[in-house]
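Since the structure comes first, as structure tokens, the remarks are kept for the end.
Please treat every number below as a calculation from the coordinates, not as lab data. Being a predicted model, the structure only gives us computed values, none of them experimental. All Cβ positions, even for glycine, are placed from backbone atoms using ideal geometry, and neighbour counts span all protein chains on display.
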Amino acid sequence: MDWVNSLNLMAIVSILRSRISVLVFLLFGFDAAFAQVKFTTVASSKEIGRNDYVQIEFVVENAQQIEKLTHPNFQDFHIIQGPIQSSGMSIVNGSMSQYKALSFVLQPVKTGKFTIPGATAMIDGKLMHSNPVKIEVTANGSSNNNAQPIPQSVWPGETADVDKEYFLKKGENIAQKIHKNLFVKVDVSKTHCYVGEPIVATYKLYSRLQSESRVIKHPSLNGFSVYDMIDPNNDMPSVETVNGKPFTVHVIRKAQLIPLQAGVVDLDPVEIENTVHFLKNVSGQNKSSSRDIFDNLLDEDVRAVPVEQDITLESKPVSISVKDLPQENKPADFNGAVGHFTVHAAVENKNISSKDADILKLTIKGNGNLPIVNAPSIQWPDGVENYEPTTKENIDKTVAPLGGSKTFEYSFIPQQAGDYVIPPVQFAYFDPVSSSYKTTSTEELKLSVKASKNKKANLSAVVMASSPDEGSNSIRDFLQDHLEWFFAVIILSGLAIYLLVQNRRLKKAHEAEQLAAAKAKEAAMAEIAMALAIPPDPLLKAKQLFEKGDYRSFYTELNRALWNAVADKLKLPASELNKHNIVMQLHSRGWDNKSTTLLENTLNECEMKLYTPDYSESGIQRIMQSAEEIVSVLNAV
């Protein structure tokens with residue numbers, strides 16, 4: 001099979017995956033026709049914080065016709081996203097149910113207990129009402145407090161289906177088709193803010209096409225302190241609806257930006273290089289939908305050829321207007337904190353002795369530009385020696401604005417005994433919500449410092465204090481007469497201890513050298529053993545499944561084993577594992593076209609058998625021989 005036919009097969013497999021629900025519907029449609037119609041309201045959570053989000057879904061199951069679905073008035077909530085329409089089916093223990101849903105993402109406007117009424121709809125000619133749900137809104141937010149609303153999947157645990165534009169129809173302009181179905185944009189939480197007020201910028205790639213994308217220019221984000229909220233390599237794609245069509249959305253970068261100075265600041269664009277793949281029907285037939293083309297691709301008279309188009313996308317620049325903080329009513333001790341904060345102070349030990357060290361812990365909690373908040377000044381009472389503070393942070397960078405706590409530890413030493421009072425510590429910050437300065441403070445701290453004890457009592461005084469009065473003179477005379485012997489004993493004891501310590505140190509060093517030599521010898525023997533060992537057979541499990549007659553599992557395992565073998569040999573991350581990339585990598589390592597074609601055909605056949613089961617022993621033996629040949633060539637690279 002040549003490269004063109006290989007791509008045709010890949011396209012068929014991809015379409016089969018996206019259309020498998022249609023085949024399942026045909027198999028189980030009879031049962032679904034008699035399934036019970038249900039109309040329910042589903043809430044993602046029954047208890048949320050004042051700044052949290054809740055998803056409400058109105059779900060209709062097993063209906064033949066739905067008309068005039070009307071959602072209630074969410075009078076105690078703001079609509080953040082929605083309405084979002086979705087549909088699908090699920091099969092549990094052989095019983096199938098179909099559903100259609102209308103969902104909203106809401107944020108409460110106040111605390112309290114609220115009832116969200118059900119929706120109404122004309123379902124199969126009958127007026128039906130969904131159930132109401134109760135939501136309790138508390139003042140304390142959850143761990144996701146202030147989080148940005150996340151696009152929801154169309155059914156719990158599943159990913160929404162995006163009907164990709166695989167096919168290039170006759171007369172379609174390829175550039176226009178890409179422009180409508182592939183673009184990159186940057187979303188910002190706000191375009192006007194104050195210096196020090198965090199904003200969220202999210203760079204996203206929207207796609208309805210089969211493409212390979214690479215970021216060739218990352219945004220520099222000059223003029224901001226940047227705190228990334230997610231790792232794009234580990235972030236799963238989501239689905240968003242744009243102009244009534246679902247798009248697969250990949251987050252390129254999501255970060256909180258803290259502006260450092262006033263003025264208009266432009267967010268740098270991101271540039272993405274894309275290779276878009278289409279199939280073009282060249283048989284003379286021009287069907288109006290991808291479903292028609294799918295049906296006809298199974299016809300021997302229909303032929304499609306692959307078409308590739310390279311395009312570089314760039315997000316539109318976004319300007320952020322940054323206002324300087326007002327000078328009016330600005331506190332004298334203001335140090336740049338912007339957000340909403342509280343402050344608490346405590347002394348580690350309130351009852352200490354003079355000349356002893358203690359620690360004052362000052363903790364600032366809240367949301368805002370917490371990472372760049374500086375240590376407040378302390379008005380220390382006279383007679384207290386103090387030092388520069390150290391800092392500990394506990395900040396959650398996945399919420400917006402940044403939230404958590406920052407603790408400053410001030411070490412100090414009272415010089416004299418007595419009672420000390422540390423005045424309340426003032427902390428001023430600017431609240432961007434009310435556009436005003438606010439000040440919070442701690443309570444005053446009281447210390448009771450005791451007089452330090454004399455820790456330098458001499459030896460004769462200690463001995464005399466512990467002796468009876470009547471024998472004190474004789475003991476003192478004895479000590480004075482034999483003072484040189486005491487010094488001799490002390491010197492000899494010190495020398496003996498030194499020699500003992502040195503002996504133990506040398507012994508430990510010798511043992512450590514012997515242990516290191518043994519480990520080196522063991523490692524060398526292990527390397528020799530690995531070199532002489534026969535490498536494990538990656539196809540062993542697939543062969544065992546073949547012997548058991550479990551042919552479907554055989555193809556699944558064979559497909560997995562080949563991909564793992566290629567990934568292990570090429571040392572590629574999962575994000576770069578695709579057929580186009582591994583073919584180029586193998587060519588660069590000396591593979592010829594025959595070997596790469598054999599690999600592609602084997603992988604395509606494995607994928608095809610997963611969706612169009614047609615098993616034969618001769619066919620399985622043939623594909624196993626191909627797989628063994630591929631593994632052999634991989635081991636030789």
**Request:** Please pull out the direction-averaged projected area of the range 540-636, using the convex hull of its alpha-carbon atoms, in nm² to one decimal place.
**Result:** 6.1 nm²
**Message:** Could you order the peptides 264-273, 399-408 from most to least packed, using the average number of other C-beta atoms within 10 Å per residue?
**Reply:** 399-408, 264-273
**Prompt:** Length gain on complete extension for the stretch residue 592 to residue 327, per 0.36 nm per residue less the alpha carbon to alpha carbon distance?
**Reply:** 88.2 nm
**Item:** Cα→Cβ-extended label distance, 7 Å offset, between residue 355 and residue 187, nm
**Value:** 6.5 nm
**Complete:** Computed over the range 338-450, the relative contact order (Cα-Cα under 8 Å, seq sep at least six) in percent reads 34 percent
**Asked** What are the radius of gyration and Dmax of the range 338-450, computed over its Cα atoms and given in Å?
**Response** 15.6, 48
**Message:** Within a 10 angstrom radius of the beta carbon, how do 52, 382, 550 rank from fewest other beta carbons to most?
**Reply:** 382, 550, 52
**Request:** Determine, for each peptide in 349-357, 556-564, the mean count of other beta carbons within 10 angstrom over its residues, then list the peptides with the highest first.
**Result:** 556-564, 349-357
**Complete:** Mean separation of Cα contacts under 8 Å (at least 6 apart) over the residue count of the range 185-230, i.e. the relative contact order in percent, is 30 percent
